[in-house]
Every structure is written in structure tokens, then in C-alpha cells.
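Heads up, the thing below is written out as C-alpha cells.
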Amino acid sequence: MRLTASGINHGFGSHTVLDNVDLEVSQGDSLAIVGPSGSGKTTLLSILGGLVTPRRGTVRVDGAAPARGLLRDHVAWILQTANVLPDRTVVDNVALGALSERITRAQAEDRARQTVATVGLSELHTMPVRLLSGGEVQRVAIARALVGNRPFVMADEPTGQLDARTSARVMDALFKGVRERALVVVTHDIELAAMCQRVLELRDGTVHEVT
Ligand SMILES: Nc1ncnc2c1ncn2[C@@H]1O[C@H](COP(=O)(O)OP(=O)(O)OP(=O)(O)O)[C@@H](O)[C@H]1O
Ligand SMILES: [Mg+2]
């Protein structure tokens with residue numbers, strides 16, 4: 001599947017944040033979006049994933065405008081505020097990512113256990129998430145995004161608050177899990193950006209290809 005954003009213009013009141021942005025990402029691609037704070041990275045990611053409708057421009061899936069809400073169904077999110085349920089276990093939290101699919105709860109939990117293993121948290125799978133470290137919670141959020149089969153994975157600063165060693169682990173889990181999907185990652189982390197096939201810098205409302 002291919003996601004194509006064309007002529008995206010967006011802003012708030014008289015403040016134009018994105019001015020005629022074009023970009024494309026296909027399954028198997030990884031794309032980093034970098035740029036100064038306030039340059040519009042989160043805004044762009046929200047538009048690409050169908051959470052926000054731009055003032056002008058289109059986001060198409062395989063060349064066609066998706067029906068209302070459908071774009072969102074293709075996207076798995078990894079947000080900086082991981083949005084986990086603190087009193088539920090690791091497996092319960094990860095299984096939530098598979099609930100939209102037509103599978104039983106037992107199947108969802110089964111898949112969740114496998115995905116938890118891929119991010120290196122097997123030993124913690126019955127632990128309530130409130131007892132986990134920041135890096136572990138971040139890996140729970142990644143597992144939850146990867147447990148389903150959504151083709152586009154959008155991550156906003158997935159290593160934002162982690163030390164170098166933990167962020168290396170988180171990145172590893174992310175890249176292993178993404179494989180044949182498309183990854184769009186907003187990041188200030190140069191190492192994470194360098195792991196992506198393409199890097200786009202957002203500056204003065206437009207994108208510039210860095211690599
Ligand atoms: N809902 C909103 N209402 C008004 N202004 C907004 C809104 N959302 C974002 N903005 C403004 O748009 C600009 C871009 O915000 P955005 O969150 O996309 O930046 P960012 O590049 O993700 O920054 P950071 O690196 O700090 O996360 C900022 O000036 C922000 O204040
Ligand atoms: Mg942001």
C-alpha cells in the first residue's frame with residue numbers, strides 16, 4: 001500500500017504551519033521527519049494518519065481518496081505519551097492493538113504474547129504496566145502498534161525520553177516489527193533518523209529531502 005500526501009496546507013488561525021507539502025510513503029519504506037520544535041512535525045503526522053483534516057490538499061491510499069475514517073483504520077500509532085492502561089498487564093495492553101480485527105480474545109492474547117516477545121518483554125508479560133520503566137512502557141506501545149496488521153505505522157518521538165541504550169533497544173524492536181509495513185517516525189534523535197531509508201526535514205512549512 002502507498003500513502004500519498006499532495007499539496008498539504010494547514011495552520012491555525014493566521015499561522016500557516018504546513019505550506020504545500022508533498023510526500024509519499026509505501027510499504028517497506030521507513031521515513032523520518034525531523035525539524036525544529038514547532039515546525040509542524042506532529043501536525044503533519046496527524047494529517048498523514050487521518051486524525052486531522054488539512055485545510056487544503058489530499059491524502060490518498062493507493063491513489064484513491066479513502067472513504068471517511070478508512071485511512072485511520074490503516075494506521076497504527078506510537079505516541080510519546082504511550083497511552084497505556086496502567087493497571088492492566090503488558091499482554092492486556094498489547095492485545096488492545098488487535099481488537100479491531102475479527103479474532104477472538106484468546107487469539108488476540110496469543111498474538112499479543114508473541115509480539116511482546118519480539119520487543120523483549122516476555123518476562124514481564126503478566127506485569128501491570130504501572131510497574132514498568134519508561135523504556136519498557138515504550139516497548140509496550142510499540143508492541144501494541146505492531147500486534148495488528150495495519151500497514152502504516154506512525155511514531156511520534158518514540159525514543160523521546162529514553163537514554164541512549166534504552167532507545168537503541170526500542171529502535172531495534174520497532175525496526176524488526178515494521179518490516180514490510182511503512183514507518184513514518186517523527187524524531188529529534190539523529191541515530192533513529194539515520195536508521196530510516198529517507199529523512200525529510202520540515203522547515204518554514206515545507207519539506208526538504210535530507211538523504
Ligand atoms: N490545535 C492547535 N491549535 C493552535 N495551534 C496549534 C495546534 N496544534 C499545533 N499548533 C501550533 O502549530 C505549530 C506546529 O505544532 P506541532 O505540534 O506540529 O510542532 P512539532 O514540530 O511537532 O513540535 P515539537 O518538536 O515541539 O513536538 C506550533 O506553533 C503549535 O503551537
Ligand atoms: Mg511534536
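For a quick check: with amide H placed at 1.01 Å from N, whose amide H comes under 5 Å from VAL185's, ignoring anything fewer than 5 positions away on the same chain?
Under 5 Å from the amide H of VAL185: LEU31, ALA32, ILE33, ALA155.
What list of ³J(HN,Hα) values in whole Hz, one per residue of the stretch 197-209 in order, does the Karplus curve 6.51 cos²θ - 1.76 cosθ + 1.60 (θ = phi - 60°) give from phi, with Gly and Pro shown as x?
For the stretch 197-209, the Karplus-derived couplings read 5, 10, 10, 10, 9, 9, 8, 6, x, 10, 9, 10, 6 Hz, x marking Gly and Pro.
How large are Rg and Dmax for the stretch 51-100 when calculated on the C-alpha trace, in angstrom?
Spelled out, the Cα radius of gyration and Dmax of the stretch 51-100 are 14.8, 42 Å.
Once the other residues with Cβ under 9 Å from the Cβ of VAL94 are scored (Lys, Arg +1; Asp, Glu -1), what is the net sum?
Neighbour charge sum, excluding VAL94 itself: +1.
Which far-off residues, 5 or more places away or on another chain, put their amide H under 5 Å from the one on VAL210, with H placed in the peptide plane?
VAL199, LEU200, GLU201
Excluding the sites themselves, what is the longest stretch of the chain that contains no trypsin sites (Lys or Arg not before Pro) in a DSSP loop with at most 14 other C-beta atoms within 10 Å?
Values: sites that count: ARG55, ARG68, ARG102, ARG179.
Value returned for the longest uninterrupted segment is 103-178.
Pick from ALA67, ALA145, ALA112: which is most flexible by mean-square fluctuation in a GNM of the chain where alpha carbon atoms under 10 Å apart are linked?
Answer for the Gaussian network model of the chain: ALA67.
If you take the alpha carbon radius of gyration of the stretch 60-207 and divide it by 2.2 N^0.38 Å, what ratio comes out, to two decimals?
Expressed relative to 2.2 N^0.38 Å, the Cα Rg reads 1.06.
For the stretch 1-132, just run the numbers: alpha carbon Rg, then divide by 2.2 N^0.38 Å, N being how many residues it has.
1.27
Taking 0.36 nm per intervening residue step and subtracting the Cα-Cα distance, what contour gain separates THR206 from LYS176 on full extension?
On the way: separation 30, 0.36 × 30 = 10.80 nm, distance 3.03 nm.
Full-extension gain reported as 7.8 nm.
Read-outs throughout are calculated quantities, based only on the coordinates presented, and are distinct from any laboratory measurement. This one's a predicted model, so the numbers in the text were calculated from it and none came from an experiment. Don't worry about glycine lacking a Cβ; one is built from the backbone with ideal geometry, like all the others, and counts go over all protein chains shown.
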